[in-house]
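Engineer: Just dropping this structure here.
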Amino acid sequence: MKNGEQALAEFGAEAKSTIPDITELLNDKSADVRLAVLDALETFGANAKSVIPAIKKFAEKAESAERERAEEVIKIIQAEGN
């Protein structure tokens, strides 16, 4: 079980409710923080489906490495939701 899935299993709705707050950190000045946010959202899998539009918006303005990572995370979230 992945970390995000583990948190959801242990904390239920409380952990899921943090997803929008975590997503807001995509606006952080630090590339390391933004990449860590993408990693965290990936671990939440299909539970992060509601923030895909925010990830897409981030990807539109991101540098190439961050954009590629964001696109990868979107694909993973979508795949886990099927």
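Engineer: Rank by packing, highest mean first: peptides 65-73, 38-46, with packing defined as the count of other Cβ atoms within 10 Å averaged across residues. Mind showing how you got there, number by number?
Structural biologist: On the way: 65-73: 16.4, 38-46: 19.6.
Those peptides, ordered most packed to least, come out 38-46, 65-73.
Engineer: Taking the beta-carbon count within 10 Å as an exposure proxy, list Ile52, Ile77 from fewest neighbours to most. Could the numbers behind the result be given before it?
Structural biologist: Values: Ile52 17, Ile77 21.
Result, fewest neighbours first: Ile52, Ile77.
Computed from the coordinates by the stated procedures, all read-outs in this text should not be read as laboratory data. Note that the structure is a prediction, hence the values are computed from the model and not measured. All Cβ positions, glycine included, derive from the backbone under ideal geometry; neighbour counts span all protein chains shown.
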